[in-house]
Amino acid sequence: MPASLAHVTDDLLDRVPADKAYSAQRIAAVVEAGAELGIDAALLLDGSGIAPAELRDPALLTSLRQLMRVHRNALALTRDPALPFRVARRLRLSQFGMYGYALLCCSSVDEIVDFTTRYHALTAPVTEMTWAVERDAVVCRLAPNAAVPVPAELYRFGLAVVLGIIVGMSRDLFGERGQPVDARIAHDGDARLRELYEWHLECPVQFGADRTELRFDPALRDLPLPLGSPLSKAMATEACDRLLARAGEAASFTARVERMLMRMPGEFCDMDTTAARLNITARTLRRKLEAEGSSFSELLARVRRDLAIDYLRNTRMSTDNIAAALGFSDGANFRHAFRRWTGRTPGEYRR
């Protein structure tokens, strides 16, 4: 193993969640990309507990820990810096089952942004994803997933894969118009690495940025999506809900709390009441969330944002009524919070 990966031991990877709740397509894509470089599948899968023949089973479920072991093997077996993009090329919409089908059935960019934010966990990520629709760009922001503690080398590999996947999916949905305007990466990279990223992402790339994000032309919001189908999307979304529930049964504590809050719209219990429903103390709840890099106030804000978007999109409720339903003291406070979340006022978003 290269010296740079010698510290990435099995004990370190044992911290990564081992619950088998995800499709094997991410691991299969690494194996296929490795085969393109002449790397034996058994070597890539070493230590993962997965046999090469098992990857042909569409019902196979895998864990994030297994994915990280395969990523470590891939980095140890080849120094090809383009490997994550080779992997990403094999992970287009058609490889993501009902998740990919639901995206194809979206009728607008706003629906795509909302759906990917809600269901990003189905892609077994090492990143957290958030979207913002700003005046000059549609922005996808990526940050480390606090529930998946991985070494920097593996995170950077996984981040490059995710960047490639997002760009590939955008091309699938919008054609040439789906090309990002630019990419900003929150880690260092030399001129050679920048050239590689720009070749594969087909846009200017800046390393050493404050945060990682892909920026797309705001005109995407006005493009028609000819395959949009509300009924088909609803059916696919129901299937994704079931998949997310299955994955969430063994997910992080943060995800458990967020799902609980989502099931209680209009109530918005405080931390003490939420902790009681989980049969723990508020102090334990705070400690568990902090250990995963989260907090109760952050989760509550995220749930309020998601519900606000649902109300604006699917109901005729006034802004003041939505504010009351979300527990805000008045409409002005809600409008201020919504602009902070999305970059637009509730009225602009609804229009």
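Size of the chain along its principal axes in angstrom, Cα-based, largest extent first?
Taking the Cα atoms of the chain, the three principal extents are 61, 49, 39 Å.
Taking the Cα centre of region 113-237 as origin and charging only Cβ (+1 Lys, Arg; -1 Asp, Glu), how large is the dipole, in debye to the nearest 20?
Numbers: 13 positive and 17 negative charges, 67 e Å.
The calculation lands at about 320 debye.
What percent do you get for the relative contact order of the chain when only Cα pairs under 8 Å and 6+ apart count? Spell out each step's value before the answer.
Working: 474 pairs, mean separation 57.5, N = 351.
16 percent.
Can you list residues whose amide H is under 5 Å from Met317's amide H, if they're 5+ apart or on another chain and H is modeled 1.01 Å from N?
none
Treat every Asp and Glu Cβ in the chain as -1 and every Lys and Arg Cβ as +1, leave all other atoms uncharged, and give the resulting dipole magnitude about the Cα centre to the nearest 20 debye. Kindly include the intermediate steps, with their values, before the conclusion.
On the way: 46 positive and 45 negative charges, 132 e Å.
Roughly 640 debye, rounded to the nearest 20.
Given the C-alpha atoms of region 54-210, compute the convex hull and give its volume per residue in Å³. Intermediate results must be reported in sequence, preceding the final value.
Numbers: hull volume 19.7 nm³, N = 157.
Per-residue hull volume (Cα only) is 125 Å³.
Taking the Cβ of Ala186 as the center, what net charge do the other residues with Cβ under 13 Å away carry, scoring Lys and Arg +1 and Asp and Glu -1? All intermediate terms of the calculation are to be shown ahead of the outcome.
Values: positive: Arg141, Arg156, Arg184, Arg211; negative: Glu128, Asp188, Asp210, Glu213.
Charge balance in the 13 Å sphere: 0.
Choose one of Asn321, Ser295, Phe334: the residue whose Cα lies farthest towards the positive end of the charge dipole of region 252-350 (beta-carbon charges +1 Lys, Arg; -1 Asp, Glu; about the Cα centre).
Farthest towards the positive end: Ser295.
Where does the chain land at 222 nm, in deg cm²/dmol rounded to the nearest 500, when only DSSP H runs of n ≥ 4 count, each adding -39500 (n - 2.57), divided by all residues? All intermediate terms of the calculation are to be shown ahead of the outcome.
Values: 17 runs with 182 residues, N = 351.
The per-residue figure over the chain is -15500 deg cm²/dmol.
Count charges around Gly168 for me, please; just the other residues with Cβ under 14 Å from its Cβ, Lys/Arg as +1, Asp/Glu as -1. Write down the numbers at each step before the final one.
Values: positive: Arg26, Arg86, Arg89, Arg90, Arg92, Arg171; negative: Asp172, Glu176, Glu202.
With Lys, Arg at +1 and Asp, Glu at -1, the neighbours total +3.
Loop sites only, by DSSP: take the GluC sites (Glu not before Pro) in the chain that have at most 15 other C-beta atoms within 10 Å and name the longest stretch containing none of them.
On the way: sites that count: Glu134, Glu202, Glu249, Glu267.
Here the longest run is 1-133.
Throughout, read-outs are computed from the coordinates displayed, never taken from laboratory work. The structure displayed is predicted, hence computed values, not measured ones. FYI the Cβ positions are ideal-geometry reconstructions off the backbone, even for glycines, and counts take in every protein chain you see.
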